[in-house]
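Okay, structure first, notes after.
The values are calculated or read from the model by the stated rules, or taken from the named source; none is laboratory data. None of the values given here were measured: they were computed from a predicted structure. Here the Cβ is made from the backbone with ideal geometry for all residues, glycine too, and neighbour counts use every protein chain on show.
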Amino acid sequence: MKRREFIELFGAVLVGSPIAAYGQQLPVIGILAAPAAEPLRTSIAAFREGLGQSGFVEAQNVEIEYRWAEGEYDRLPVMANDLVGRRVSVIVALAPAAAVAAKTATGTIPIVFVIGADPVSLGLVTSLNKPGGNVTGVNFLINALGGKRLQLISELVPTSRTFGLLVNPSAPATDLDRQEAERVAATVGAKLLVVNASSEGELESAFATLISDRVGALVVSPDALFTSHRNQLVALAARYAVPTIYHLREAAIAGGLMSYGTSFKDAHRLAGTYTGRILKGEKPANLPVQQSTKFEFVLNLKTAKTLGLDVPPTLLTIADEVIE
């Protein structure tokens, strides 16, 4: 191949690539996250993996700007407006409150959400199959699993007649998780004590309430605040010897007793794929909301032993991961 032909071919490849030509400003993805950064480290890596499947690599042909609210929802509107002012190409909203803040901030910049609540009831999309507007994303159904988490923890603590449910009343999707837990509690003839915490400082008092009411086990509802303070929750559960089930696999890895939920990694990888497709020119209105249905049940036997709990064989059989 002659030198001129090579140069012309190379130029044609660049024109067909996500970045049209050398020296052109890179597209910018704005990640608006309700939780803190550290608990989502593996999820963000999965997002980059999905993005790479569309040919985009951070710092090579795309930039990513991160905004972490660390569970403080009142920071999200300002962060969303900041990304809009930055004129990012796509906003990736992690958690329902972040998605609502992003949609409120812009009706034109494409938004890809990763949430556990129903995006239709939140007003993010018109329907799952035909989102309409500038918003689509991944729904990983985690906020409808409060009942399943209560069922699992009740099998480990069968003599308990009172269960606690830790919720953040500021979270948009709190009601669904509570309703599911109440339904299961009624079927097993147990009482459900709902305890609120909307800030880091209220977590300690929440556990004090659980102890004073002699709660036998605790279900932690999915929420950005609780995700951000995962290690603190695990430490409090250990200090007060409260058997606790979480929504996040990493909580069980960090020493929590149990976790049950959909895979954060799988959901964020799917979001990365959608973000790449939008950067290539597809419209959110034409991309159906994806549903991540990969479930993870993690059981920490070391913590169970510390709490003096005998793990029934049925739980060991169905666990996706057992930590010994």
* Asked: Taking the stated definitions as given, is Leu225 in a helix (DSSP H, G or I) and either of a type in the set (A, V, I, L, M, F, W, C) or not assigned by TED's automatic domain parsing to the domain that holds Leu94 (or both)?
  -> yes
* Restricting the search to region 123-177, which residues are of a type in the set (Lys, Arg) and either at pLDDT 95 or above or surrounded by fewer than 20 Cβ atoms within 10 Å (Cβ to Cβ) (or both)? -> Lys130, Lys148, Arg161
* Would you mention how many residues in region 29-61 are surrounded by 16 or more Cβ atoms within 10 Å (Cβ to Cβ) and either touching a Ser or Thr at 6+ places or on another chain (Cβ under 7 Å) or not β-branched (Val, Ile, Thr) (or both)? => 18
* Where a residue in region 37-63 is within 10 Å of Gly272 (Cα to Cα) and its partner, wherever it lies, is among the acidic types (Asp, Glu) and modelled with pLDDT under 95, with Cβ under 8 Å and at least six apart -> Ala46/Asp266
* Structure fact -> Matching residues in region 293-313 (modelled with pLDDT of 95 or more and of a type in the set (Lys, Arg)) number 2
* Of all residues making up region 270-324, the number that are within 30 Å of Leu26 (Cα to Cα), basic (Lys, Arg) and within 22 Å of the chain's Cα centre (by Cα) -> 1
